[in-house]
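Please read the structure below before turning to the comments.
The values are calculated or read from the model by the stated rules, or taken from the named source; none is laboratory data. All figures in this text were calculated on a predicted structure; none of them were measured in a lab. Here the Cβ positions follow ideal geometry from the backbone for every residue, glycine too, while neighbour counts run over all protein chains shown. Just so you know, the surface numbers come from the protein's heavy atoms only, side chains and all, with ligands and any DNA or RNA stripped out. Shrake-Rupley method; radii C 1.70, N 1.55, O 1.52, S 1.80 Å.
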Amino acid sequence: MTGVLRPGHVQIRVFDLEESARFYRDVMGLVETGRDNQGRVYFKCWDERDHNSYIIRQAEEAGIDFFGFKVLDTATLDKLEADLNAYGIETTRMAAGEMLETGERVRFTLPTGHVMELYAEKSSVGNGLPNANPGPWNGASEQGIAPVRLDHMLLYGPNVAANKKIFEEILGFFLVERVLAEDGQFEAALWLSCSHKVHDIAFVEHPEPGKLHHCSFLMESWEKVLRAGDIMSMNEVSVDIGPTRHGITRGCTIYAWDPSGNRFETFMGGYQPYPDYETITWDWDHFPQGLDYPQRKLHESFLTIVT
Ligand SMILES: [Fe+2]
């Protein structure tokens, strides 16, 4: 991995900042790492090393403001920006420090209407474990749901085919899995990876631009996913789907909603693809299995509820 490394941050809109901060800190078990003069609250997952990955902002409407992928270094950032511009995509530079502990970000809008950023620098604050002879976990890993990392996003918007070209041809992603529409031709949903993960980002074709389906948090085991479900129930969190297993990616999952109706996922598993793997295809008739393998159910909420 020498170009785009991973999803590094996402900024989410919430109705009530303090209620949401409590939810993400006490129920989700994220670590609060700062607040800025725009009123944003910054979090990271316990095992992440960079200063922040999940940022919330108070707004009238829920949803996603933008997301950012970390790239290897500033030379990579400059090259990818030049490649985007040569492809005809306009970019703007967000100043270093505009987000806490984060360097310059190259911002652009995807054909699906989502604001995406690339950046090379974010302060490393560590995961609370020493770099020499660390233990396997610490107190932060046992607080609330306590996911390991922000893993991926699933986003809804129009023209996912144009997104696919940008991710494959400029950003170095490969297509791991896809769902074909009823006509057997049109790619209705795409799972893309820039790493060894089964997906780093996914898109579903949808008429409204810029929509969030979910941000996903990685758990270490199926048992931890079930424990997340226990914690959701104890705290009366609205659950959408699961615990179950996706056929697509083989991830084991629970979908639920934060207090503002933003869906999130706690998941584990999935296989590790390589860039030379042939893309896995799901036809529309088997999409219910792709979504929920044991129940074979095309949950209405999966296709219709986004923020
Ligand atoms: Fe997911």
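So is T253 open to solvent by less than 70 Å² (accessible area, probe 1.4 Å), within 14 Å of the ligand (Cβ to nearest atom), touching a helix residue (DSSP H, G or I) at 6+ places or on another chain (Cβ under 6 Å) and closer than 24 Å to I201 by Cβ or not? Answer is no for this residue. What about Y24, is it in a helix (DSSP H, G or I) and of a type outside the set (V, I, T)? For Y24, the condition - in a helix (DSSP H, G or I) and of a type outside the set (V, I, T) - is met.
Can F302 be described as within 19 Å of the chain's Cα centre (by Cα), closer than 22 Å to H9 by Cα and within 16 Å of the ligand (Cβ to nearest atom)? Spelling it out, it is not the case that F302 is within 19 Å of the chain's Cα centre (by Cα), closer than 22 Å to H9 by Cα and within 16 Å of the ligand (Cβ to nearest atom).
Taken together, the residues in segment 84-103 that are under 21 Å from I166 (Cα atoms) and touching a residue at least 12 places away in the same chain (Cβ under 8 Å) amount to 8. When the criteria are applied in full, E117 meets the requirement of being under 26 Å from L212 (Cα atoms), more than 16 Å from the ligand (Cβ to nearest atom), among the charged types (D, E, K, R) and under 17 Å from the mean Cα position of the chain (by Cα). The numbered conditions (1) more than 23 Å from E169 (Cα to Cα); (2) open to solvent by 50 Å² or more (accessible area, probe 1.4 Å) are all true for T92 except (1). Test G184 against the stated conditions and say whether it is within 17 Å of I280 (Cα to Cα), out of contact with any Phe, Trp or Tyr (no Cβ under 7 Å at 6 or more places or on another chain) and modelled with pLDDT of 95 or more. Judged against the criteria, G184 is a match.
Of all the numbered requirements in (1) under 19 Å from W46 (Cα atoms); (2) open to solvent by less than 10 Å² (accessible area, probe 1.4 Å); (3) within 12 Å of the ligand (Cβ to nearest atom), L218 misses one, and that requirement is (2).
Number of residues in segment 142-172 that are touching a residue at least 60 places away in the same chain (Cβ under 8 Å), more than 16 Å from the ligand (Cβ to nearest atom) and within 24 Å of R263 (Cβ to Cβ): the value is 3. Considering only segment 193-211, I want to know if a residue exists there that is within 11 Å of the ligand (Cβ to nearest atom), among the hydroxyl-bearing types (S, T, Y) and either within 17 Å of the chain's Cα centre (by Cα) or more than 21 Å from K44 (Cα to Cα) (or both). Checked against the condition, which is being within 11 Å of the ligand (Cβ to nearest atom), among the hydroxyl-bearing types (S, T, Y) and either within 17 Å of the chain's Cα centre (by Cα) or more than 21 Å from K44 (Cα to Cα) (or both), segment 193-211 yields no hits at all.
Just one residue in the set I55, I64 is closer than 13 Å to L150 by Cα and either at pLDDT 95 or above or assigned to a loop (DSSP other than H, G, I, E, B) (or both); that residue is I55.
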